[in-house]
Amino acid sequence: MLRRHFLAQVTALAQPAQPVIERPATGQPHRGKVLLALQAHSDDIPLSSAGTVAKLIEEGYTGYLLRATNDDMGDASGLGTVGSIGDNVHGNEKDNAEVARILGCQKTFELNYPNHRMGDTPLNELISRLILIIRIIKADTVVCWDPWAHDEENPDHYMLAKGVEAACWMAGRAHDYPEHFAAGLTPHTVTDKYYYARRPEITRIVDISKQIDKKIECNRANVAKGPAGQLGRRLKADLAKQGKRLPLLDGDDVTADRNYIKEFVMRRSRELGQKYGLEYAEAFHYIGPGANYRDDYIKKNAVPLR
């Protein structure tokens, strides 16, 4: 009997919980809170979580965007060709700044590690830099690659994710990097984490239907790096050379780019949304502040002194 009860408990714990659906909030309930969105490359946030970042900023967060690499192996032309390192770095930096502007971020942080070489980066160095930034801006919430994700082959992604997970915890500890306090900083703990991934452990679905146009614009801004940019106008031109046209791409070049992104690049967000009865959505492994048993117990059981 006891063994059967134990096995039933284990089975129940192994079952994936239905993800929480985060819907649009009324007003600005997050006013006064700080969001740090982190990406290894200039197209990570636009593709994975731009709608959620835009939603949280619209709901009151002060937003910051951090890029870990300089994208020096990126494509400055957006044509799939290899340009000079200087052109690649400059092109992706411009795109990243435009993404931050569209999302409504106050500032960008550029760590400038070489593209696809973060495996060489000492993890403690990365952690210490992230702790400093978290303490400076007093970040309450992060959006980043998931350190626990499956199927991640890119070293820049998983190195940044590992660094962020550790930094979120250590930034709130008074014993870690106490030299920061001499500069007037104080310990600050990150309480909410929205982790994105290629194949995430989905615990939260965010409704981004109202933010889909901003997500489209973020991807359109990624001319140098992203799989969107100006591909609509290029496909339109290629088809014209073959004596064909795609009605989806009719209109001027900007319209063609936007419609291309909405139909093809936003397909995953659209299909995910439809699965949960939404128009567009993004998926996350969300980790919140969690319950504090002691504090809850005191709140329920404390009585006035006599």
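Bear in mind that the values in this text are calculations on the coordinates, not laboratory data. Please read these numbers as outputs of a predicted model, since none were measured by experiment. Cβ placement follows ideal geometry from the backbone for every residue including glycine, while neighbour counts extend to all protein chains displayed.
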Under a point spin-label approximation (7 Å from Cα along Cα-to-Cβ), what is the THR191-ASP87 distance to one decimal in nm?
-> 4.9 nm
For LYS162, counting only lysines whose alpha-carbon sits under 20 Å away and dropping same-chain residues fewer than eight positions off, the answer is LYS138, LYS193
Relative contact order of the chain, pairs being alpha-carbon contacts under 8 Å that are 6 or more residues apart, as % = 21 percent
In whole percent, what relative contact order does segment 204-283 give with Cα contacts below 8 Å and a gap of six or more residues?
-> 38 percent
Against the longest principal axis of the chain, how steep is helix 85-103, in degrees 0 to 90 to the nearest 10, with axes from Cα atoms?
-> 60 degrees
The helix 231-241 Cα axis meets the longest alpha-carbon principal axis of the chain at an angle in degrees, between 0 and 90 and rounded to 10, of 20 degrees
Could you name the aspartates and glutamates whose alpha carbon sits less than 19 Å from that of LYS94, not counting residues in the same chain fewer than 8 places away?
-> ASP43, ASP44, ASP71, ASP72, ASP75, GLU110, GLU217, ASP257
For ASP296 and ASN154, compute 0.36 nm times the residue count separating them, minus their Cα-Cα distance, and round to one decimal in nm.
-> 47.0 nm
Helix 212-221: angle to the longest alpha-carbon principal axis of the chain, degrees 0 to 90, nearest 10?
-> 60 degrees
Taking +1 at the Cβ of each Lys and Arg and -1 at the Cβ of each Asp and Glu, which of SER269, LEU235, GLY290 sits farthest along the dipole of segment 219-306 towards its positive end, judged by Cα position relative to the Cα centre?
-> GLY290
Multiply the residue separation of GLN18 and HIS116 by 0.36 nm, subtract the distance between their alpha-carbon atoms, and state the gained length in nm to one decimal.
-> 31.8 nm
Out of ALA174, ALA183, ALA40, a Gaussian network model of the chain with alpha-carbon springs under 10 Å gives the largest mean-square fluctuation to ALA183
To the nearest 20 debye, what is the magnitude of the charge dipole of the chain about its Cα centre, counting +1 on the Cβ of each Lys and Arg and -1 on the Cβ of each Asp and Glu?
-> 1100 debye
Cα gyration tensor, segment 249-295 - rounded (a/c under 1.5), prolate or oblate | prolate
Checking segment 125-162 for GluC sites (Glu not before Pro) in a loop per DSSP with at most 15 other beta-carbon atoms within 10 Å yields GLU153
Rough spin-label spacing in nm, given labels placed 7 Å along Cα→Cβ, for ILE136 and ARG268 = 3.0 nm
Please build a GNM for the chain, connecting alpha carbons under 10 Å apart, and tell me which residue among PHE284, PHE181, PHE264 fluctuates the most.
-> PHE181
Assign unit charges at the C-beta atoms only (+1 for Lys and Arg, -1 for Asp and Glu), then state the dipole size of segment 157-252 relative to its Cα centre in Debye, rounded to the nearest 20.
-> 680 debye
When the chain is treated as a GNM, springs tying every alpha-carbon pair under 10 Å, which of PRO114, PRO227, PRO122 comes out with the largest mean-square fluctuation?
-> PRO122
Charge dipole (the chain, unit charges on Cβ, about Cα centre) - positive-most of ILE131, LEU249, THR186 = THR186
Separation in nanometres of the label points that stand 7 Å from Cα toward Cβ, at LYS210 and THR26 | 1.2 nm
The chain - mean residue ellipticity at 222 nm from DSSP helices (-39,500 (n - 2.57) per run, n ≥ 4, rounded to 500) | -12500 deg cm²/dmol
